Structures are given as C-alpha cells and as structure tokens.
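Chemist: Here's a structure for you.
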C-alpha cells in the first residue's frame, strides 16, 4: 500500500517481473522498490508478473491487474513478449497485443514504461527484424519511457543467469535494477 504521498508503480509482465526461481523479496519489483527508496523516492512497486504469460494472456488480465491496486498507478511498467518469442508466436500478434495493452493504459491516463525484449539469435534474422522494433515503435507512439532490453548486460553472463539461461539470478536482478531504477525515478519525477 503506497504512502498517501508516495508513488504507485505496477510491474505488469511475465516471469522476469514475477521473480521466477528467486524469493519474493529478490524479485525485480521488490528490489526496484528498495532501490527507489534508497534514492529517497517513496514508491510502492506492485508485482503484477505472471510466469509464462504471453502478450495475449496478459492483455486478457490487464483490467484485473489494474483493478487489484488501491488507486490509479503513477506508472505501469510492461515487460512482455519473451514468452511469445520463445514460442515462435508471429511478431505481428505480439505487436497487436502490446499495442492493445498500451492503448488501454493510455485511455486510462496511466504513464507507461516498456522494458523491452529482443529475439534470441536462434529465432533467425527475419523473426528478429519483425520482433525487435516492437518496443521502440510503441514507446514512440505512446510517449512511453523505454529500457530497450530488460536482460541487457546480464543474459550473456552465465554467472548472472539461472541454469535455464532464461531467468536472472538475484545478482543479475540487482544489476538490472541498477540500470532501470534511474529511468523509473526520472519517469516518476516527470509525471
């Protein structure tokens, strides 16, 4: 529950937000909230991540997720698309679902921050050429803050990734938080 004068951030995404394979207090939303507090920012970060969520599943639960917080969020962070990519879902479908999510947040007057995803090299160039532009395109279209690749600087370092090579370890999460928190703070300050 945010303080009366505190900011409310909703981390809406898949297992990378949900905290797959780590303790709840080690999850990205929990560590982000701690990092913001360390910067003197009174913010509550609600974990609305669901492991395994595709963009289609997340699109269906967006209304429910927003209904589960005490008031209109000051920021909704969106991290989706990784499961679409891993399943080889057509990037056009991913784009349509992400667009619908951003459209609904815009309609509700909620600022957006996208923490993007990029296609794994084994998906091939054609897939990547259609998948990778989704996040920068939507950030521009919806005037959303953008952190281009959520796993940047972590995914290529095995010691920062769990054995599945998909999810970061607590140390990896802390590196991501260190990179994302300043952008979140800047975005909250501009709202």
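Chemist: Output yes when any residue across segment 118-135 is closer than 18 Å to residue 155 by Cβ, touching a strand residue (DSSP E or B) at 6+ places or on another chain (Cβ under 7 Å) and assigned to a helix (DSSP H, G or I), and no when none is.
Modeler: There is at least one residue in segment 118-135 that is closer than 18 Å to residue 155 by Cβ, touching a strand residue (DSSP E or B) at 6+ places or on another chain (Cβ under 7 Å) and assigned to a helix (DSSP H, G or I).
Chemist: Name the single residue that is nearest to residue 76 (Cα to Cα) among those in segment 144-191 being in a loop (DSSP other than H, G, I, E, B) and within 14 Å of the chain's Cα centre (by Cα).
Modeler: It comes out as 144.
Chemist: Identify the residue in segment 84-95 that is in a helix (DSSP H, G or I) and in contact with a helix residue (DSSP H, G or I) (Cβ under 8 Å, 6 or more places away or on another chain) and, among all such residues, is surrounded by the fewest Cβ atoms within 10 Å (Cβ to Cβ).
Modeler: Quick first cut of segment 84-95, residues in a helix (DSSP H, G or I) only: 84-86, 91-95.
Cutting the leftovers down to in contact with a helix residue (DSSP H, G or I) (Cβ under 8 Å, 6 or more places away or on another chain) gives us 84-85, 91-95.
Details: 84: 27, 85: 20, 91: 23, 92: 11, 93: 13, 94: 23, 95: 20.
The selected residue is 92.
Chemist: Here's something else I'd like to know. Hey, does segment 97-108 have a residue that's surrounded by 15 or more Cβ atoms within 10 Å (Cβ to Cβ), out of contact with any helix residue (DSSP H, G or I) (no Cβ under 7 Å at 6 or more places or on another chain) and over 21 Å from residue 173 (Cβ atoms)?
Modeler: Yes, segment 97-108 contains a residue that is surrounded by 15 or more Cβ atoms within 10 Å (Cβ to Cβ), out of contact with any helix residue (DSSP H, G or I) (no Cβ under 7 Å at 6 or more places or on another chain) and over 21 Å from residue 173 (Cβ atoms).
Chemist: In segment 39-61, what residues are part of a helix (DSSP H, G or I), touching a helix residue (DSSP H, G or I) at 6+ places or on another chain (Cβ under 6 Å) and within 29 Å of residue 186 (Cβ to Cβ)?
Modeler: Of everything in segment 39-61, those that are part of a helix (DSSP H, G or I), touching a helix residue (DSSP H, G or I) at 6+ places or on another chain (Cβ under 6 Å) and within 29 Å of residue 186 (Cβ to Cβ) turn out to be 55, 59.
Chemist: In addition: Tell me, please, whether a residue that is touching a residue at least 40 places away in the same chain (Cβ under 8 Å) and closer than 27 Å to residue 24 by Cβ can be found in segment 116-133.
Modeler: no
Chemist: I would also like to ask the following. Can you give me the number of residues within segment 57-71 that are surrounded by fewer than 17 Cβ atoms within 10 Å (Cβ to Cβ) and either in contact with a strand residue (DSSP E or B) (Cβ under 8 Å, 6 or more places away or on another chain) or under 20 Å from residue 133 (Cβ atoms) (or both)?
Modeler: Of the residues in that region, 3 qualify.
Only the coordinates and a few stated rules stand behind these numbers; no lab work does. Because the structure is predicted, anything quoted here is derived from the model rather than measured. Every residue, glycine among them, receives a Cβ derived from its backbone with ideal geometry; neighbour counts consider all protein chains shown.
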